[in-house]
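Just so it is clear, none of the values below were taken in a lab; they were calculated from the coordinates. Quick caveat: nothing in here was measured; it's all calculated off a predicted structure. Heads up, the Cβs are rebuilt from the backbone with ideal geometry, glycines too, and the neighbour counts pull from every protein chain shown.
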Amino acid sequence: MNVVKRLISFPLESGGTVQVEVEEEAGLPVTRGLHSAEVVETVANTFEAALGAIKPAAVTMASIFRNIADAPDVVEVEFGVKFAGQAGAFIASASTEAQFRVKVVWQDKRET
């Protein structure tokens, strides 16, 4: 698989932009004389809106663990985020399955 890197420019709600480097399979139009990272795609969605698309998954996972009878003191949810042009942000996967790492911690509450 031949991978090509390029930049996507997301506008920020507060003004300015953030550029995200993405990797894609080759097959994009050839741009002679320019390095692929010098070709910047500007998208309409803001960076915040792109990240907002994955927020429900993170909130739901944390809520599930917080709402059990003996809720843990700490809940950590870790996952990769990928960006892709008009698709915005989405949960990254290493294969056909998305990967989440969940860490729950119950602290010893005995008096010492």
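Each label point was placed 7 Å from the Cα along the Cα-to-Cβ direction; for MET61 and VAL105 their separation is 1.7 nm.
Taking the Cβ of ALA84 as the centre, find all other residues whose Cβ is under 15 Å away and add up their charges (Lys, Arg: +1; Asp, Glu: -1).
Working: positive: LYS5, ARG6, LYS82; negative: GLU21, GLU23, GLU24, GLU25, GLU41.
Once all neighbours under 15 Å are counted, the net charge is -2.
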